[in-house]
1. Look at segment 46-55 and say how many of its residues are farther than 11 Å from residue 98 by Cβ and not in a helix (DSSP H, G or I).
2. Would you tally the residues in segment 59-95 being outside any loop (DSSP other than H, G, I, E, B) and free of Cβ contacts under 8 Å to residues at least 40 places away in the same chain?
């Protein structure tokens with residue numbers, strides 16, 4: 001029995017459980033810092049943008065349609081496209097960006 005324990009310790013480098021726990025904690029920290037946290041910030045920024053939409057804002061939907069908001073009612077908004085003044089209703093989650101956001105990103 002002691003021979004088995006000695007050989008197992010020699011092959012693992014003697015670190016065993018503590019070093020493995022440190023590696024797992026480091027991996028979780030890296031995933032949080034580089035993947036989860038930036039994604040949550042991005043979602044929060046998009047939600048704030050959608051909550052601050054108002055009449056007159058230029059928008060772009062996730063489908064690529066552009067227009068100017070003419071009415072905001074709860075989680076639905078109506079916008080006009082082009083010169084023919086076609087009105088389309090969409091849910092707020094369908095808004096990708098606004099003209100203000102694109103201008104800010106272009107400055108960067």
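What follows draws every value from the coordinates through simple rules; no lab data is involved. Quick caveat, the model's predicted, so the values are computed rather than measured. So basically every Cβ, Gly included, is an ideal-geometry build from the backbone, and we count neighbours across all protein chains shown.
1. Total satisfying the criteria: 1.
2. Matching residues across segment 59-95 total 22.
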